[in-house]
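Report on the structure given below.
The values are calculated or read from the model by the stated rules, or taken from the named source; none is laboratory data. Just so it is clear, the model here is predicted, and its values are computed rather than measured. So basically every Cβ, Gly included, is an ideal-geometry build from the backbone, and we count neighbours across all protein chains shown. To get the accessible areas, we keep the full protein, side chains included, count just its heavy atoms, and leave off ligands, DNA and RNA. Shrake-Rupley method; radii C 1.70, N 1.55, O 1.52, S 1.80 Å.
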Amino acid sequence: MKNRRQFISELGLTLLATGFPVLASSPNPIKPPRLRVGDTVGIIAPSGWITTQELKFLTLQLMQQGLNPKAAPHLMDKYGYLAGLDRDRAADVNTMFADPNIRGIITAAGGWGAARILPLLDYNIIRNNPKVIIGYSDITSLLLAIYSQCNFITFHGLLGTSHWRSFSVSYLKRVLFTGEAVTFENPGNIQVETITSGSARGQLVGGNLSVLAGLVGSEYLPNWSGKILFIEDINEDVYRVDRLLTQLKLAGILDKLSGFIFGQCSRCSPGREGESSFSLWEVLVDHIQPLGIPAWYGSAIGHIRDQFTIAIGAMVEINSDRGTIQMLEAAVS
């Protein structure tokens, strides 16, 4: 009989022979129940506030998907640029997870402020009531905190203030309603730029680069070993993207990854340096190519009109030459 050490060694060699990186062990995240026509979904605003007109728009979009929207008690509050006091925004999150009649949760807007409420959340309530929760931009901190603290899949996708175009809605329904193991391929207007060729498998984790970097050093980020990192951003000068990636590098995150995807950096300019600046591409190559992992720039993820619904924590296989993300199983139960 083989001893345990010999077995693990041979298993590692077998995995290497497949051409995929060996992944560190990590618990399989729980899949929240899928959304169904007729479900009641809660609307929360953990970051910035929305207008009455924007709420009407979101309500209409949800009803068109066959869902019954329910506003959180403090949804329309304002406190400076925040959608109410920290304690009230946190209470809305806790309330929506605790309510058995709420089958899913959509976040109303990005902006700033979700990270402020992370210490105020009741992770026992959230952990015991896994539900679909979706958003992006500043909502990245909430999605990553729930994924890392409660071990269930969360979703990077449409906000209430997003463009609810047919492309985006189609992916939302395929991932959250139908429970498909989707292969994400860019629309024709988004070009793939390969940084390093190859394929990799791992749990897909990420979100907005600025927000993610702001969580470094906190307890609200996952173990990065073997993860595939996806990031996106908006309105950042190239030197700032360089600084943020440097922060991830210095924190030891980049060196642990099995793959890397930069979605879109909308309105990211060279900045005041102008002609003396690096391009975004040069910065990505500088940071990512030495890692030797499959990587590319250009995916329908970010502050764009047509975007994917990405399951944070789901197992995927990526191909950096084609720029595809293949889900290996459904992200909902």
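Observations
- Candidates Q307, Q326, filtered to the one that is in contact (Cβ under 8 Å) with a residue 12 or more places away in the chain and either open to solvent by 10 Å² or more (accessible area, probe 1.4 Å) or among the charged types (D, E, K, R) (or both): Q326
- The listed residues are R165, R89, R127, R103, and the only one of them that is under 23 Å from the mean Cα position of the chain (by Cα) and modelled with pLDDT under 95 turns out to be R165.
- Counted residues, the stretch 226-243 - those being acidic (D, E) and either open to solvent by 10 Å² or more (accessible area, probe 1.4 Å) or closer than 10 Å to V205 by Cβ (or both): 3
- Within the stretch 196-209, restricting attention to residues that are touching a helix residue (DSSP H, G or I) at 6+ places or on another chain (Cβ under 9 Å) and in a strand (DSSP E or B), the residue that is most open to solvent (accessible area, probe 1.4 Å) is T196.
- Some residue of the stretch 210-225 being more than 16 Å from the chain's Cα centre (by Cα) and open to solvent by less than 30 Å² (accessible area, probe 1.4 Å): no
- Considered as a group, the residues in the stretch 50-109 that are in a strand (DSSP E or B), open to solvent by 50 Å² or more (accessible area, probe 1.4 Å) and of a type outside the set (K, R) include one that is nearest to T309 (Cα to Cα), and that residue is N68.
- Residue list for the stretch 310-321, filter: out of contact with any Ser or Thr (no Cβ under 9 Å at 6 or more places or on another chain) and either open to solvent by 10 Å² or more (accessible area, probe 1.4 Å) or closer than 22 Å to Q247 by Cα (or both): M315
- Q264 open to solvent by 20 Å² or more (accessible area, probe 1.4 Å) and either farther than 18 Å from D233 by Cα or touching a residue at least 40 places away in the same chain (Cβ under 8 Å) (or both): yes
- Just one of (1) assigned to a helix (DSSP H, G or I); (2) within 30 Å of V37 (Cβ to Cβ); (3) open to solvent by less than 10 Å² (accessible area, probe 1.4 Å) fails for I125. It is (3).
- Flag for G80 being more than 23 Å from the chain's Cα centre (by Cα) and within 27 Å of R127 (Cα to Cα): no
- Within the stretch 203-221, residues that are in contact (Cβ under 8 Å) with a residue 40 or more places away in the chain and closer than 16 Å to L245 by Cα have Cβ atoms under 6 Å from residues that are outside any strand (DSSP E or B) and of a type in the set (D, E) in these pairs: V211/D138, counting only partners at least 6 apart in sequence or on another chain.
- When the stretch 159-195 is filtered for residues that are closer than 16 Å to S299 by Cα, among the hydroxyl-bearing types (S, T, Y) and surrounded by fewer than 19 Cβ atoms within 10 Å (Cβ to Cβ), the ones remaining, listed by number, are T183, T194.
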